[in-house]
Ligand SMILES: CC(C)(COP(=O)(O)OP(=O)(O)OC[C@H]1O[C@@H](n2cnc3c(N)ncnc32)[C@H](O)[C@@H]1OP(=O)(O)O)[C@@H](O)C(=O)NCCC(=O)NCCS
């Protein structure tokens, strides 16, 4: 899906294309624009004055596409910039470590140069021992200099729509209800669930994609994703 950042705050997102998500350019491919000008992401990372303002003036576009095999390094660097090194200590990481994201549910936002300016992935989990299958969403992160430009919302809407299209029943995450509430996530169905590590109970949120998918869900959430063969890294792929 393509989007246009029209203004910095509040963000206005326009989806001029309803075509396939890799229509703007395919994953891993650099647009010719990259040769002509530094990317929006580069300017934001360098802290150049008003990267987003400039982006707004130029009505910079971004596209939500499936993550490619060559995106791992840039995605990890973005996560470090956006969330800091402690991100790997989160209890959600226990459900991701050594696993692959759920099939077809890892997305990046790219600027017109092809640079990654946002990331979100979903992971297969089980809601309690022998409980129903669900997805864990996260981490969600946007290039720090490009916050409030609608990239996070676009990633969320795309991820939820794809998860529903693929037939998943529910998504859980640990995050701020004031942000995730706008996408339908709430803590009211997660009282009988627990993360496999320290977390703040009021931040464990869920969204049903199919009615009743969270009925009776109880216990500690378990990793259920495909394992990475020969996994040696300390973080999820
Ligand atoms: C959270 C994050 C992904 C949002 O992405 P974004 O592209 O800035 O979000 P959007 O442009 O879609 O939405 C911006 C709106 O969300 C609000 N918002 C952002 N983070 C928020 C939070 N934690 N709680 C409440 N509101 C939040 C902004 O104030 C803004 O509000 P407005 O629409 O009223 O102006 C981004 O801020 C980020 O990468 N943060 C650091 C990493 C992080 O905390 N990730 C979430 C981990 S669970």
So which residues in the range 138-152 are more than 9 Å from the chain's Cα centre (by Cα), outside any helix (DSSP H, G or I) and within 6 Å of the ligand (Cβ to nearest atom), if there are any at all?
-> 147, 148, 149, 150
Filter result for the condition that a residue is within 11 Å of the ligand (Cβ to nearest atom), touching a residue at least 24 places away in the same chain (Cβ under 8 Å) and not in a helix (DSSP H, G or I), over 214, 155, 205, 135 | 205
Regarding residue 162, is this residue more than 11 Å from the ligand (Cβ to nearest atom) and either modelled with pLDDT under 95 or in contact with a strand residue (DSSP E or B) (Cβ under 7 Å, 6 or more places away or on another chain) (or both)?
-> no
Filtered residues of the range 159-189 (kept if more than 14 Å from residue 213 (Cβ to Cβ) and assigned to a helix (DSSP H, G or I)) | 159, 161, 162, 165, 177, 178, 179, 180, 181, 182, 183
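The values are calculated or read from the model by the stated rules, or taken from the named source; none is laboratory data. Fair warning: this is a prediction, and the values are worked out from it, not measured in the lab. Heads up, the Cβs are rebuilt from the backbone with ideal geometry, glycines too, and the neighbour counts pull from every protein chain shown.
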